[in-house]
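The structure appears below as structure tokens.
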Amino acid sequence: MAAVVQIDEIHKIYDSGEVPVHAVRGVTLTIQRGEFVAVMGASGSGKSTLMNLLGCLDRPTRGRYLLDGVDVSHLGRDQLADIRNLKIGFVFQGFNLLARTTARENVELPMLYGRRHLTSRQIHERAMRCLDLVSLANRANHFPSQLSGGQQQRAAIARALVNDPQVILADEPTGNLDSKTSVEVMGVFQQLNEQGITIVMVTHELDIARYCRRSLVMRDGRLVSDTPVADRLSAATELRRIQEAESAAKLTD
């Protein structure tokens, strides 16, 4: 498999006065195409900074970062914006949907800001295809206020997919969701990953990380653990268990 992400001895140092802050310290990492990776660590461990570097939202102080074979370590602002639009899909904890636009229109936004010259019909069809991938096509014309939290996150995932990125970066994507809805969203990610989509997800929840295939642990800016996920959870199996428990509880009542 080809490497989608390859970082070599990446450092990120913030100048915050007299004492520089070493947020990331010499991390070397390779993520192959089709992987599903969880990035974990306590607050201040460097996982969010690492995610910002992977997402080309920040530049490393030193070290090299190849994204889909392109060295993005020293690209300019406009070049990084193009990379983010074409090669990376972002999913955030807070959904970040525009309140006055429908689910479909939210999904269309990345295509409107990109440099691909698509017709209105092509934009509409791509948006609907991505909504269908996350089982939300029937809610395409609903506004975010008319969608549940899980549906809003699925719309956000569809938006992340619409430009056919090389990697999806998800930052605490279940942080605002209840347990059952979190499992449903992880089911969406597992289905997408089974189709070959590369996903890197920051989470502080051990049970959520168990839906991934590989687990990275950050501590004090360093990558201290990189292991396959043992006893990996299946979202489909877990949802059936939850539904059976709910049915049994109703019978008891």
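The values are calculated or read from the model by the stated rules, or taken from the named source; none is laboratory data. On a predicted model such as this, the values are computed, not experimentally measured, just so you know. Every residue, glycine as well, gets a Cβ built from its backbone with ideal geometry; the counts of neighbours run over all protein chains shown.
Before we move on, is Leu118 surrounded by 14 or more Cβ atoms within 10 Å (Cβ to Cβ), farther than 20 Å from Val167 by Cα and of a type in the set (A, V, I, L, M, F, W, C)? Explain how you work it out, then say what you get.
Values: surrounded by 14 or more Cβ atoms within 10 Å (Cβ to Cβ): yes; farther than 20 Å from Val167 by Cα: yes; of a type in the set (A, V, I, L, M, F, W, C): yes.
Yes, satisfied.
Any idea which residue in the stretch 66-113 is surrounded by the fewest Cβ atoms within 10 Å (Cβ to Cβ), counting only those that are free of Cβ contacts under 8 Å to residues at least 60 places away in the same chain and of a type in the set (Asp, Glu)?
Filtering first and then ranking leaves Asp78.
If a residue must be small (Gly, Ala, Ser) and under 21 Å from Lys180 (Cβ atoms), how many such residues does the stretch 104-144 contain? Break it down into steps so the answer makes sense when it comes.
Going through the stretch 104-144, the residues small (Gly, Ala, Ser) turn out to be 114, 120, 127, 135, 137, 140.
Next, only the ones that are under 21 Å from Lys180 (Cβ atoms) stay: 135.
The qualifying residues number 1.
Would you please name the residue that is farthest from Ile168 (Cα to Cα), looking only at residues in the stretch 1-21 that are assigned to a strand (DSSP E or B) and acidic (Asp, Glu)?
Glu9
Working only within the stretch 109-123, note down all residues that are assigned to a helix (DSSP H, G or I) and either among the small types (Gly, Ala, Ser) or modelled with pLDDT of 95 or more (or both).
Matches in the stretch 109-123: Ser120 only.
Please work out if Leu206 is among the hydrophobic types (A, V, I, L, M, F, W, C) and out of contact with any strand residue (DSSP E or B) (no Cβ under 9 Å at 6 or more places or on another chain).
No.
Just give me the residues in the stretch 138-165 being free of Cβ contacts under 8 Å to residues at least 12 places away in the same chain and over 16 Å from Leu97 (Cα atoms), in sequence order. Show your work before the answer.
Step one: list which residues in the stretch 138-165 are free of Cβ contacts under 8 Å to residues at least 12 places away in the same chain, which gives 138, 146, 164.
Correct list: Asn138, Asp164.
Output yes when any residue across the stretch 39-49 is touching an Asp or Glu at 6+ places or on another chain (Cβ under 9 Å), surrounded by 21 or more Cβ atoms within 10 Å (Cβ to Cβ) and more than 15 Å from Arg222 (Cβ to Cβ), and no when none is.
no
Pick out the one residue from Pro165, Pro173 that is closer than 18 Å to Val91 by Cα, in contact with a Leu (Cβ under 8 Å, 6 or more places away or on another chain) and assigned to a loop (DSSP other than H, G, I, E, B). So that I can check it myself, show each step before the final result.
On the way: Pro173 fails: in contact with a Leu (Cβ under 8 Å, 6 or more places away or on another chain).
Criteria check complete, one pass: Pro165.
Residues in the stretch 26-36: is at least one out of contact with any Lys or Arg (no Cβ under 8 Å at 6 or more places or on another chain), basic (Lys, Arg) and in a loop (DSSP other than H, G, I, E, B)?
Checking the stretch 26-36: at least one residue is out of contact with any Lys or Arg (no Cβ under 8 Å at 6 or more places or on another chain), basic (Lys, Arg) and in a loop (DSSP other than H, G, I, E, B).
Against the condition crowded, with 23+ Cβ neighbours inside 10 Å and among the hydrophobic types (A, V, I, L, M, F, W, C), how does Ala140 come out, does it pass?
Working: crowded, with 23+ Cβ neighbours inside 10 Å: no; among the hydrophobic types (A, V, I, L, M, F, W, C): yes.
Here the answer is no, as Ala140 does not meet what is asked.
Filter the stretch 50-60 down to the residues that are surrounded by fewer than 20 Cβ atoms within 10 Å (Cβ to Cβ) and outside any loop (DSSP other than H, G, I, E, B) and list them by number.
Within the stretch 50-60, just Asn52 meets the criteria.
Would you say Arg159 is touching a Pro at 6+ places or on another chain (Cβ under 7 Å), within 23 Å of Val27 (Cβ to Cβ) and surrounded by 16 or more Cβ atoms within 10 Å (Cβ to Cβ)?
no
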